[in-house]
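Participant: The following block contains the structure, expressed as C-alpha cells.
FYI, it's all coordinate maths here, none of it is from the lab. Source: prediction; values computed, not measured. Positions of Cβ are backbone-derived with ideal geometry, glycine not excepted, and every protein chain shown enters the neighbour counts.
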Amino acid sequence: MRTTCKLLALYLSSILLFQGCATYPPPPVDYLPPPPEQTNTVSADFIRQATAQIRQGRLDLAAATLERGLRIAPKDAMLWSQLAEVKLQQHQYQQARSLAEKSNSLAGSSRGIVQKNEQIIAEALIQAGAQ
C-alpha cells in the first residue's frame, strides 16, 4: 500500500511538472483580434471646427483648435497640414513651411496631403522672399 501511494504521488507530481512545460498551438487566425485601426474621427472633428473658424476669419482660434487636436493625435498628417495652411494665411511663412514638412514626414503614401504640403511650402518660400 505504501509503495502504491508513493507511485501515485510520483505519477501525479510528474503530470503537474510536465503540464507546466506544455506548449499550446497559437490560436487560429480568425481568433486573433484585428490590428488596431487609427481612427481619424477626432481629427476630422478638429479639422471641421477649424475650417468653420477659418471661414469666419478667426485664424487664431483655428490655429488653437488644430493645436489642441495635435495634442490628442500628434501623428495625424492632416492636422499638421491644416495648421501649416493657417500659419501661411497668418503670414508666418517659416512656421508654415516647417509644419508642412512635419506633415510630409507623417503622410506616408497619402499623395493628396503631400501635394497640398508642397503647395504650402512653395507659397511660403515665395511669400517669404517677397518680404
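Participant: Could you run the Karplus curve 6.51 cos²θ - 1.76 cosθ + 1.60 with θ = phi - 60° over segment 116-124 and give me ³J(HN,Hα) per residue in whole Hz, x for Gly and Pro?
Facilitator: 4, 5, 4, 5, 4, 4, 4, 5, 5
Participant: Among rounded, prolate and oblate, which fits segment 41-130 when a ≥ b ≥ c are the square roots of the eigenvalues of its C-alpha gyration tensor, a/c under 1.5 means rounded, and a/b larger than b/c means prolate?
Facilitator: Because a/c hits 1.5 or more and a/b fails to exceed b/c, segment 41-130 counts as oblate.
Participant: For Ala52, put the label point 7 Å out on the Cα→Cβ axis and report which residues of segment 59-98 keep their amide N under 14 Å from it.
Facilitator: Residues passing the 14 Å test: 62, 65-66.
Participant: On to the next question. Please turn the phi angles of segment 91-108 into ³J(HN,Hα) values with the Karplus equation 6.51 cos²θ - 1.76 cosθ + 1.60 (θ = phi - 60°), one per residue in order, whole Hz, x for glycine and proline.
Facilitator: Per residue, the Karplus-derived 3J(HN,Hα) values read 6, 9, 5, 5, 5, 4, 5, 5, 5, 5, 5, 4, 4, 4, 5, 9, 6, x Hz.
Participant: Let me ask another. With θ set to phi - 60°, apply the Karplus curve 6.51 cos²θ - 1.76 cosθ + 1.60 along segment 56-66 and write out the HN-Hα couplings as whole Hz, x wherever there is a Gly or Pro.
Facilitator: 7, x, 9, 5, 4, 5, 4, 4, 5, 4, 5
Participant: Distance from a point 7 Å along Cα→Cβ of Asp45 to each backbone N in segment 61-77: keep the residues under 14 Å and list them by number.
Facilitator: 66, 68-73
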